[in-house]
Amino acid sequence: MDSSVTLTTPFVIQKFESIDDFIMTIFTDIESYLKKAFSSLNIQRPDLDTVAYSELERKFKVFIVQNYSNNLNKYLRKEAKHASREAMKDVLLSTISTTLSVRDANNNQLSVDDYLISLRNIIKKIDL
């Protein structure tokens, strides 16, 4: 996918040049992760993309919390006046995902297949 993608949540909107740029921003240590998965975890090369996607989803939540916690807290203070902020935070974070919160340049939600294609291309470039 050559077009830009946009992360859209109620508390932040961020544009990335491409899905590969998004993946590399979220999953900064993807190369070492894939090498370890391939060698020490004995995961076969054709299965690396699905393993990497699962880890990308996990790292995405961490990325959101690490980079946007102030925005998230401001949003919750404004929106969760009569509810538990921690409960609201948990609910909100559970609804944020790479397929629901990231859209392409035409405003279409990205699918798991979009990520798998990009992850396969990234894997091809890595010397395992």
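Looking at segment 1-24, which of its residues are in contact with a strand residue (DSSP E or B) (Cβ under 9 Å, 6 or more places away or on another chain) and exposed (fewer than 15 other Cβ atoms within 10 Å of the Cβ)?
Selection gives SER3, ILE13, GLN14, LYS15, GLU17, ASP21.
Is it the case that GLU57 is over 15 Å from ILE126 (Cβ atoms) and not hydroxyl-bearing (Ser, Thr, Tyr)? Walk me through how you get there before you give the answer.
Numbers: over 15 Å from ILE126 (Cβ atoms): yes; not hydroxyl-bearing (Ser, Thr, Tyr): yes.
For GLU57, the condition - over 15 Å from ILE126 (Cβ atoms) and not hydroxyl-bearing (Ser, Thr, Tyr) - is met.
Could you list, in sequence order, all residues of segment 87-119 that are assigned to a helix (DSSP H, G or I) and either touching an Asp or Glu at 6+ places or on another chain (Cβ under 7 Å) or without any contact (Cβ under 8 Å) to a residue 24 or more places away in the chain (or both)? Give the steps one after another, and end with the answer.
Taking segment 87-119 and keeping what is assigned to a helix (DSSP H, G or I), we get 87-95, 112-119.
Scanning segment 87-119 gives ALA87, MET88, LYS89, ASP90, VAL91, SER94, THR95, ASP113, LEU116, SER118, LEU119.
No lab work stands behind these numbers, since they all come straight from the coordinates. Just so it is clear, the model here is predicted, and its values are computed rather than measured. Positions of Cβ are backbone-derived with ideal geometry, glycine not excepted, and every protein chain shown enters the neighbour counts.
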